[in-house]
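Each remark here refers to the structure printed beneath this line.
We did not get these values from a lab; they are worked out from the coordinates using the rules stated. Source: prediction; values computed, not measured. Methodologically, a virtual Cβ is constructed for each residue, glycine included, from the backbone with ideal geometry; neighbour enumeration extends over all protein chains shown.
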Amino acid sequence: MKNFICIMCPKGCHLTVDENNDYQVSGYSCNKGVKYGKAEATNPVRVVTSTVIVDGGSGHLCSVKTADGIPKKTVLAAMKEINKVQLQAPVKIGDIAIKNLLDTGVDVVVTSEIQAS
């Protein structure tokens with residue numbers, strides 16, 4: 001049995017997932033809890049947010065995030081890759097900072113704008 005607090009709505013239901021019974025979920029008050037509980041027990045993913053250096057920009061840092069969730073077990077390796085990135089100003093929201101991060105099929109995208117100085 002695994003226990004989670006659902007984050008899909010403000011209620012914060014206390015879920016129990018029975019791994020030995022086809023990942024049956026209990027403790028939910030809506031179907032979002034069932035989906036979240038099963039996913040968290042079988043393949044947890046996280047969206048990663050960070051910053052990267054921008055050369056030629058007045059702010060010198062810009063925010064980035066993964067375009068979708070990546071496997072939770074790869075978050076530390078992902079941060080190491082993100083920390084290597086240096087972009088060249090100007091950068092726009094939606095620009096791709098890293099294509100296919102760690103072969104996950106998920107890009108790292110820019111979430112702020114930096115103009116060239």
For this session: Quick one: plug the Kirkwood hydrodynamic radius of region 2-42 (C-alpha pairs) into Stokes-Einstein at 10 °C, 1.306 mPa s, and report D in µm²/s.
Result: 164
For this session: List every residue whose amide H lies under 5 Å from the amide H of ILE98, counting only residues 5 or more places away in sequence or on a different chain, with H placed 1.01 Å from N in the peptide plane.
Result: VAL108
Seminar exercise, completed: Over the chain, the sum of -39500 (n - 2.57) across DSSP H runs of at least four, divided by residue number and rounded to 500 deg cm²/dmol, gives at 222 nm -5500 deg cm²/dmol
Seminar exercise, completed: FRET efficiency for THR49 and THR16 from the Cβ-Cβ distance with R0 = 22 Å, rounded to 0.05, comes out at 0.15
Problem set entry | Cα gyration tensor category, rounded, prolate or oblate, for the chain with a/c compared to 1.5 | prolate
Exercise. With +1 on each Lys and Arg Cβ and -1 on each Asp and Glu Cβ, how big is the dipole of the chain about its Cα centre, in debye rounded to the nearest 20?
Worked result: 220
